Amino acid sequence: MKKQQVPVDRTYKLLRNAAPLSFMLPARSTRKNPLLWFDEENGVNRQLRYAVNQKSPFEDEQDDNAIIEPIVFENGFLSVPKNNPVLQKFLFHHPMNGKAFVEVDREKDAQSVLENMEIEVDALLEAKSLGVDQMETVARVLFGKNTALMTTSELKRDIFVYARRNPKEFLAVLSDPELKLHSKIQRFFDEKLLVYKNGKKDVFFNTASVKKKMVTIPFDADPTSIIISYLKSEDGMDSLKMLESNLSMGGE
């Protein structure tokens, strides 16, 4: 259970990516939109109502002369000074707290930003440490490009941009134990040793001596995952060796 803190200046923000210019929070309980807080100590639901001339946010502790004022978030934020503890307490107990809005936690937000920055730095350092062969492997997986058509500078640029924009995904790719096989499959397609047919429903061998179908891609399945599964199977190991032998003959 949340504990009410001592009054200090507080700021609240809406939980949405694109907050409206103005958002009015319900300030009183109605039949259509009841504002209730469950009092565990007494085992009852208590109605909430924000009134500027009352000392409590609970309707059962207010008199009959309550003056209701709207509670408005401007540009997604609402600032409540410490000399308005009733509104702070009202917002604390409001059923939309944690669902439509939350209190701004500057320390937590700063920590989150710092963690994201550290992940970005880690990703960029990993990108910088890659050799040319490793960059080509990663580029084939990330971009599905024929790296033979790219200069080293283009490879570095694209990988650095991706690492900066998608650091978590970039680090995940580097840690994938199937990275090299994923890259090798891309090379098989780049050099036309494997080809798609029948609207990319089937994958066929396309070497000088083998032209048969390798696998059929199930509907909505990831083709690379299906090909990896086949090549790692007992039946697919010989096919992988055959493809690799043709690849080495063709060179980079």
Of all residues in the range 120-140 being without any contact (Cβ under 8 Å) to a residue 24 or more places away in the chain and surrounded by 14 or more Cβ atoms within 10 Å (Cβ to Cβ), the one that is farthest from I185 (Cα to Cα): Q134
The one condition in (1) surrounded by 11 or more Cβ atoms within 10 Å (Cβ to Cβ); (2) free of Cβ contacts under 8 Å to residues at least 60 places away in the same chain; (3) under 36 Å from the mean Cα position of the chain (by Cα) that S56 fails to fulfil: (3)
The range 204-240, subset over 31 Å from the mean Cα position of the chain (by Cα) and of a type in the set (S, T, N, Q), residue surrounded by the fewest Cβ atoms within 10 Å (Cβ to Cβ): S209
K201, sole failed condition from (1) without any contact (Cβ under 8 Å) to a residue 12 or more places away in the chain; (2) over 29 Å from the mean Cα position of the chain (by Cα): (1)
Which listed residue is in contact with a Phe, Trp or Tyr (Cβ under 6 Å, 6 or more places away or on another chain) and surrounded by 12 or more Cβ atoms within 10 Å (Cβ to Cβ), from F101, F77, F143, F92: F101
Within the range 40-112, strands (runs of 3 or more DSSP E) holding 3 or more residues that are touching a Lys or Arg at 6+ places or on another chain (Cβ under 9 Å) and of a type in the set (K, R): none
Set L231, L142, L171, L155: member being of a type outside the set (D, E, K, R) and more than 30 Å from E115 (Cβ to Cβ): L231
Residue check, G43 of a type outside the set (D, E), surrounded by fewer than 18 Cβ atoms within 10 Å (Cβ to Cβ) and in the same structural domain as R16 (by TED's automatic domain parsing): yes
Residue in the range 75-94 that is assigned by TED's automatic domain parsing to the domain that holds F38, farther than 23 Å from P34 by Cβ, under 28 Å from the mean Cα position of the chain (by Cα) and charged (D, E, K, R) present: no
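If we scan the range 171-178, do we find a residue that is more than 28 Å from L243 (Cα to Cα) and in contact with an Asp or Glu (Cβ under 8 Å, 6 or more places away or on another chain)?
There is at least one residue in the range 171-178 that is more than 28 Å from L243 (Cα to Cα) and in contact with an Asp or Glu (Cβ under 8 Å, 6 or more places away or on another chain).
The values are calculated or read from the model by the stated rules, or taken from the named source; none is laboratory data. Computed from a predicted model, the values in this text were never measured in an experiment. Cβ coordinates were reconstructed from backbone atoms using ideal geometry, including for glycine residues, and neighbour counts include every protein chain displayed.
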